[in-house]
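Quick notes on the structure that follows.
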Amino acid sequence: MSKLTLKDLDLQGKCVLVRVDFNVPLQLCEETNRYEIVDDTRILSALPTIEKIMGADGKAILISHLGRPKGQPNQNFSLAPVSDRLTELLDTSVRFSSETIGSVVEKTVRTMPNGSVILLENTRYFPGETTNDPAFAEELAKLGDLFVNDAFGTAHRAHASNVGVAAHFSKPAAGCLLEKELIQLGHALQSPTPPNVALLGGAKVSDKMGVITNLMGIMDHILIGGAMAYTFLKAKGIPVGNSLVEEDRLDDAREMMEHAGDKLFLPSDHIVSTSFDAPDAINNPVSGAIEDGLMGLDIGPNTIKEYTDLILSARTSIWNGPMGVFEKPAFARGTKAMAQAMASATNLGATTIIGGGDSVAAITQANLHENVTHVSTGGGAMLKFLEGKSLPGLEALADHP
Ligand code: AMP
């Protein structure tokens, strides 16, 4: 771990400004007319850092974005419900400040007792957040003696609350969650125990082109599923019917397959239907060519078996992206089987890393969250990391001397 972490900071009596990722899904409750948190995973993930600061008698000043309020105050994107949930989880009263910057909040954080926690209102109420405005970053920096970034999910963006603000501190450091992400993902990229497998799915080849190219030089096997498989199959000259294809990426796909050689695996059979709505989902899987009028919407049983065997024999596996339209039960079998394969491989001693909203949802739905090595909290950030690109949120943190 090359970056400074919480362990390198003297927290006692200090105002510790912490960039967390509390971008949680909210739902308006009709009865109470208040927003309720639908999934608190991101809040739970931030607890170790907050508890460490409290335990060291520091003051935790939490900042985060939530949704896209487009640079102005909007009650639909308020972080207030998060402070209620934090109060329950930490078993201590967490203050909420409806102001994010300014003299009032500066005074509040300076006078609050050591060991206490305050959550400030959504940083995206300010246009300067997403433009990384130096003046907004400076205002945020006035709230802390120390700065800690624990928001891996936004590390691929250069915003004021994770990048601009860090420049005002001599030792901007990684929080516990960020540290865990860097250790796990770093291990998978730098020294994955062979044999190793990358399982990539989802809608678009274009989103994962850089990842496939980078992983080709690192991993032994790259297994492709989801809609993006059809761009590769078409590029190979295999008829794919009406399956989703990125026509403008066929040449790229061809080039990638030439480079990858027998490292790259494509589905050999498919669950097909005439539409996503699947009133007539055909349960007989199709091997090879898909005829016109039908689209491939999930990987078939032979592919499930082949991919499962490779994952079970691997010592390191990384997975990002669903194998099919897993939101519909008729096309969820492939994704569920991969979730199960990842959990079984972990049980056999492999290191398994899962990221991306849909793959994480599949692991969670199957109740296998605890049965894999690491579930990443970053979708876009994880992909950028796997591409081998530098992440501005990480670059902004201090290196170990
Ligand atoms: P991504 O955001 O790129 O990870 O893509 C996720 C989306 O890809 C999900 O909403 C899936 O329903 C969709 N998807 C996966 N496989 C297919 C497929 N074979 N055809 C159409 N959409 C798919």
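The values are calculated or read from the model by the stated rules, or taken from the named source; none is laboratory data. Note that this is a predicted model, so its numbers are computed, not measured. In this analysis, Cβ positions are derived from the backbone assuming ideal geometry, glycine residues included, and neighbour counts consider all displayed protein chains.
Take the residues in segment 207-237 that are out of contact with any strand residue (DSSP E or B) (no Cβ under 9 Å at 6 or more places or on another chain) and within 15 Å of residue 388 (Cβ to Cβ), then tell me which one is farthest from the ligand (Cβ to nearest atom). Show your work before the answer.
Of all residues in segment 207-237, those out of contact with any strand residue (DSSP E or B) (no Cβ under 9 Å at 6 or more places or on another chain) come to 207, 209-210, 213-214, 217, 235-237.
Filter again for within 15 Å of residue 388 (Cβ to Cβ), leaving 209-210, 213-214, 217.
Numbers: 209: 12, 210: 13, 213: 17, 214: 17, 217: 22 Å.
Among those that are out of contact with any strand residue (DSSP E or B) (no Cβ under 9 Å at 6 or more places or on another chain) and within 15 Å of residue 388 (Cβ to Cβ), it is 217.
From 161, 170, which residue is assigned to a helix (DSSP H, G or I) and of a type in the set (Ser, Thr, Tyr)?
Numbers: 170 fails: assigned to a helix (DSSP H, G or I).
Only one candidate passes the filter, namely 161.
If I ask for residues that are β-branched (Val, Ile, Thr), in a helix (DSSP H, G or I) and free of Cβ contacts under 8 Å to residues at least 60 places away in the same chain, which ones from segment 280-308 would you list? Please lay out each step first, then the result.
Residues of segment 280-308 β-branched (Val, Ile, Thr): 282, 286, 290, 299, 303-304, 308.
Then drop every residue that is not in a helix (DSSP H, G or I), which leaves 303-304, 308.
The answer is 304, 308.
Would you check if residue 260 is modelled with pLDDT under 95 and either within 25 Å of residue 305 (Cβ to Cβ) or surrounded by 16 or more Cβ atoms within 10 Å (Cβ to Cβ) (or both)? Can you show your working first?
Details: modelled with pLDDT under 95: yes; either within 25 Å of residue 305 (Cβ to Cβ) or surrounded by 16 or more Cβ atoms within 10 Å (Cβ to Cβ) (or both): yes.
Taking the combined requirement at face value, the residue satisfies it.
State which residue is farthest from the ligand (Cβ to nearest atom) when the search covers only segment 309-324 and only residues that are surrounded by 24 or more Cβ atoms within 10 Å (Cβ to Cβ) and in a loop (DSSP other than H, G, I, E, B).
314
Of the residues 89, 66, 62, which is closer than 19 Å to residue 22 by Cα, in a helix (DSSP H, G or I) and not polar (S, T, N, Q)?
Numbers: 66 fails: in a helix (DSSP H, G or I); 62 fails: in a helix (DSSP H, G or I).
So the residue among 89, 66, 62 that is closer than 19 Å to residue 22 by Cα, in a helix (DSSP H, G or I) and not polar (S, T, N, Q) is 89.
Restricting attention to segment 235-249, report how many residues are surrounded by 15 or more Cβ atoms within 10 Å (Cβ to Cβ) and assigned to a helix (DSSP H, G or I). Break it down into steps so the answer makes sense when it comes.
Of all residues in segment 235-249, those surrounded by 15 or more Cβ atoms within 10 Å (Cβ to Cβ) come to 235, 240-246, 249.
Add one more test, that the residue is assigned to a helix (DSSP H, G or I), and what stays is 235, 249.
Residues that pass the stated criteria total 2.
Pull out all pairs, ordered by first then second residue, where Cβ-Cβ is under 6 Å, the residues are six or more apart or on different chains, the first lies in segment 173-200 and is among the hydroxyl-bearing types (Ser, Thr, Tyr), and the second is at pLDDT 90 or above and not in a helix (DSSP H, G or I).
Final answer for the pair search is 193/315; 193/316.
Of all residues in segment 102-120 being touching a residue at least 60 places away in the same chain (Cβ under 8 Å) and part of a strand (DSSP E or B), which is nearest to residue 89 (Cα to Cα)? Write out each step before concluding.
Step one: list which residues in segment 102-120 are touching a residue at least 60 places away in the same chain (Cβ under 8 Å), which gives 109-110, 114-117, 119.
Those left that are additionally part of a strand (DSSP E or B): 117, 119.
Working: 117: 12, 119: 14 Å.
My answer is 117.
Taking segment 15-46 only, how many residues are touching a Cys at 6+ places or on another chain (Cβ under 9 Å) and over 17 Å from residue 360 (Cβ atoms)?
Residues that pass the stated criteria total 2.
Take segment 1-15 and flag every residue that is part of a strand (DSSP E or B) and either over 20 Å from residue 182 (Cβ atoms) or not basic (Lys, Arg) (or both).
Narrowing segment 1-15 to residues part of a strand (DSSP E or B): 3, 5, 15.
Answer for segment 1-15, where residues must be part of a strand (DSSP E or B) and either over 20 Å from residue 182 (Cβ atoms) or not basic (Lys, Arg) (or both): 5, 15.
Applying the selection to segment 334-360, what residues are of a type in the set (Ser, Thr, Tyr), in contact with a strand residue (DSSP E or B) (Cβ under 7 Å, 6 or more places away or on another chain), in a helix (DSSP H, G or I) and away from the ligand (no atom under 16 Å from the Cβ)? Write out each step before concluding.
As a first pass, look at segment 334-360 and keep what is of a type in the set (Ser, Thr, Tyr): 335, 344, 346, 351-352, 359.
Keeping just the survivors that are in contact with a strand residue (DSSP E or B) (Cβ under 7 Å, 6 or more places away or on another chain) gives 346, 351-352, 359.
Checking which are in a helix (DSSP H, G or I) leaves us with 346, 359.
346, the sole residue that qualifies.
Considering each of 366, 350, 361 in turn, give the residue that is buried (at least 20 other Cβ atoms within 10 Å of the Cβ) and aliphatic (A, V, I, L, M). Explain how you work it out, then say what you get.
On the way: 366 fails: buried (at least 20 other Cβ atoms within 10 Å of the Cβ); 361 fails: buried (at least 20 other Cβ atoms within 10 Å of the Cβ).
Result of the check over 366, 350, 361: 350.
Out of segment 384-401, which residues are surrounded by fewer than 23 Cβ atoms within 10 Å (Cβ to Cβ) and within 16 Å of the ligand (Cβ to nearest atom)?
Answer for segment 384-401, where residues must be surrounded by fewer than 23 Cβ atoms within 10 Å (Cβ to Cβ) and within 16 Å of the ligand (Cβ to nearest atom): 384, 387.
In contact with a Ser or Thr (Cβ under 7 Å, 6 or more places away or on another chain) and within 14 Å of the ligand (Cβ to nearest atom) - does that describe any residue in segment 366-375? Don't jump to the end; show me each part of the working.
First, pick out the residues of segment 366-375 that are in contact with a Ser or Thr (Cβ under 7 Å, 6 or more places away or on another chain): 371-373.
When the remaining residues are screened for being within 14 Å of the ligand (Cβ to nearest atom), the result is none.
Checking segment 366-375: not a single residue is in contact with a Ser or Thr (Cβ under 7 Å, 6 or more places away or on another chain) and within 14 Å of the ligand (Cβ to nearest atom).
Being surrounded by fewer than 24 Cβ atoms within 10 Å (Cβ to Cβ) and more than 9 Å from the ligand (Cβ to nearest atom) is the filter here, so list the residues in segment 192-205 that pass it.
192, 193, 194, 195, 196
Only one residue in 359, 344, 376 is hydroxyl-bearing (Ser, Thr, Tyr) and closer than 27 Å to residue 148 by Cα. Which one? Don't jump to the end; show me each part of the working.
Numbers: 359 fails: closer than 27 Å to residue 148 by Cα; 344 fails: closer than 27 Å to residue 148 by Cα.
Sole residue among the options that is hydroxyl-bearing (Ser, Thr, Tyr) and closer than 27 Å to residue 148 by Cα: 376.
Looking at segment 16-50, which of its residues are within 18 Å of residue 144 (Cβ to Cβ) and either part of a loop (DSSP other than H, G, I, E, B) or not hydroxyl-bearing (Ser, Thr, Tyr) (or both)?
16, 17, 18, 19, 20, 21, 22, 46, 50
Tell me the residue from 269, 252 that is surrounded by 16 or more Cβ atoms within 10 Å (Cβ to Cβ), among the charged types (D, E, K, R) and farther than 21 Å from residue 338 by Cβ, please. Spell out the reasoning first.
Working: 269 fails: farther than 21 Å from residue 338 by Cβ.
Checking each option against the conditions leaves just 252.
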